[in-house]
Amino acid sequence: MTAENAAMTGLHPVDEKLPVWRLGAYGLQHVLAFYSAAVIVPILVAGALHLPRETLIHLIDADLFTCGIASLLQAVGFGPVGVRLPLLQGVTFTAVGPMIAIGSAVGGGTPGLLSIYGSVIVAGFVTLLMARHFAGLVRFFPPVVTGSIILIIGLALLPVAANDIVSGASPSVMQDHVPLRSIWYGLGTLASILVIQRLFRGFIATIAVLIGLVLGTVVAWILGDANFGEVSSAPLLSITHPFYFGMPTFHPVSILSMVIVMTISMIETIGNVYATGEIVDKPITSEDIARTLRADGIATMLGGVLNSFPYTCFAENVGLVRMTAVKSRWVVAAAAVIMMLLGCLPRLGALVAAVPLPVLGGAALAMFATVAVVGVQTLSRVDFNRQSNVIIVGTSIGLSMLATAQPHISDTFPMWAKIVFGSGITLGSLSAISLHLIFNVKRTIHEATHATDVPREALIDERIREG
């Protein structure tokens, strides 16, 4: 939405309702950018619990369908639920390790899934109850904290894009033989996106990522590296229904583990909400955070009921909003509808899944780096003449990169600590929050006592005056 249109209509760009054909194109672009990350969690869990292929297919369909519901909750909202920003919801990667441990503890298979679903439902309910109280902590998140977290999210996701470009097995495994053709697909997709953004304006420029993905896939198909054979063999219709695998089971230790996962996920969610607020130029208040977390909690509960997993805001699509400058939350609503269709129509899902990983990686490289740039923009407001701020940002980024570059360091820790050390985003985010409380504790308490939902600009001006 242009500034002129915003002035004429009086609507914030976030609330603009675009023509249906544009919503469809923009929504599809979000889905393509999101798809591989959306389905990787069911694949990892199913593999670790030794689930049959039929179960995996149902998990993927259920995941996509519930992703759509969760995204509608967040972007469209109802009552005090949903932040009403262009935020797409997906299964949190933080939960992968704990879920595999929970399922394996009862022998894997379907009993493992039922144990996971029980802990997910309770953790979602706890998140819903904690939303208002957790949102009150936002006053402890000045730009030095939020900027660090946003920057960390962008940097920590870059290895995921790099892994896709080299057709790697996992971001935690160094690829010792990199296919040259994969690199050309990834860099070619990136180059096509950049060329389109440079040569075109308006609508074409805003769907540069979509066009780049289509072009990369077509080239790969011509060269024999994109296979659409599974499209015709996929089922026509697949409808997930509550408790498809049976009634969940509830184990106290599993529930506690998942509650910890959701607590950490809430911190990452706050970073994504602030990043989106910066991009769409909409100040974020503690009530916005509470609405976001309520949606996460309800979506996670639904995940356990509808045979899926815990949900959170996806940083992948935050970067896409920044790249395209399309700020309407109704675009995410359109993407949500598309995901629900993918979850019910496996052939559509198979068509999207045919996009080669290196092609996705080329687009993701640009989007993740854009998230990091938003973090840099936020940190530009920080007074780095204060040594404490330099320590907070530097140490947090350093710890995040430690866990990102050497992901197997978490293997030496007990399970409860693996949740922290197994993710560069989690470790870096907790570091930024903790170090701010340690080094700026007096200023933090003073600001927390005298301000709750004061506009962020006013708080920033006050910090600058305080030096």
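The values are calculated or read from the model by the stated rules, or taken from the named source; none is laboratory data. All values reported here derive from a predicted model rather than from experimental measurement. Backbone-built Cβ (ideal geometry, glycine too); neighbour counts: all protein chains shown. In case anyone asks, the SASA skips ligands and DNA or RNA and just uses the protein heavy atoms, side chains included. Shrake-Rupley method; radii C 1.70, N 1.55, O 1.52, S 1.80 Å.
Odds and ends about this structure:
- Yes/no for His177 being surrounded by fewer than 24 Cβ atoms within 10 Å (Cβ to Cβ), assigned to a loop (DSSP other than H, G, I, E, B), at negative phi and not hydrophobic (A, V, I, L, M, F, W, C): yes
- Residue selected from the stretch 45-57 under the condition within 25 Å of the chain's Cα centre (by Cα) and surrounded by 20 or more Cβ atoms within 10 Å (Cβ to Cβ), by the criterion nearest to Met99 (Cα to Cα): Val45
- Qualifying residue in the stretch 398-405 (condition: open to solvent by less than 10 Å² (accessible area, probe 1.4 Å) and out of contact with any Leu (no Cβ under 8 Å at 6 or more places or on another chain)): no
- When the stretch 104-134 is filtered for residues that are over 30 Å from Ile338 (Cβ atoms), small (Gly, Ala, Ser), part of a helix (DSSP H, G or I) and open to solvent by less than 40 Å² (accessible area, probe 1.4 Å), the ones remaining, listed by number, are Gly109, Gly112, Ser115, Gly118.
- Enumeration of residues in the stretch 232-254 that are assigned to a helix (DSSP H, G or I) and either open to solvent by less than 30 Å² (accessible area, probe 1.4 Å) or touching a Pro at 6+ places or on another chain (Cβ under 9 Å) (or both): Ser254
- Selection status of Glu278, in contact (Cβ under 8 Å) with a residue 12 or more places away in the chain and either closer than 18 Å to Gly375 by Cα or in contact with a strand residue (DSSP E or B) (Cβ under 8 Å, 6 or more places away or on another chain) (or both): yes
- Tabulated pairs, the stretch 137-158, first more than 20 Å from Ala363 (Cβ to Cβ) and open to solvent by less than 10 Å² (accessible area, probe 1.4 Å), second among the small types (Gly, Ala, Ser) and modelled with pLDDT under 80, C-beta under 7 angstrom, 6+ apart or interchain: none
- For the stretch 40-55, the set of residues classified as at pLDDT 80 or above and either out of contact with any Gly (no Cβ under 8 Å at 6 or more places or on another chain) or within 16 Å of Cys313 (Cα to Cα) (or both) consists of Val41, Pro42, Ala46, Pro52, Thr55, listed by residue number.
- Whether a residue is more than 22 Å from the chain's Cα centre (by Cα), among the aromatic types (Phe, Trp, Tyr) and modelled with pLDDT of 85 or more was assessed, and Phe413 does not pass this test.
- Against the conditions (1) at pLDDT below 90; (2) surrounded by 24 or more Cβ atoms within 10 Å (Cβ to Cβ); (3) outside any helix (DSSP H, G or I), Asp61 satisfies every one except (3).
- Complete set of residues in the stretch 73-84 that are in contact (Cβ under 8 Å) with a residue 40 or more places away in the chain and either of a type outside the set (A, V, I, L, M, F, W, C) or touching a strand residue (DSSP E or B) at 6+ places or on another chain (Cβ under 9 Å) (or both): Leu73, Gln74, Ala75, Gly77, Pro80, Gly82, Val83, Arg84
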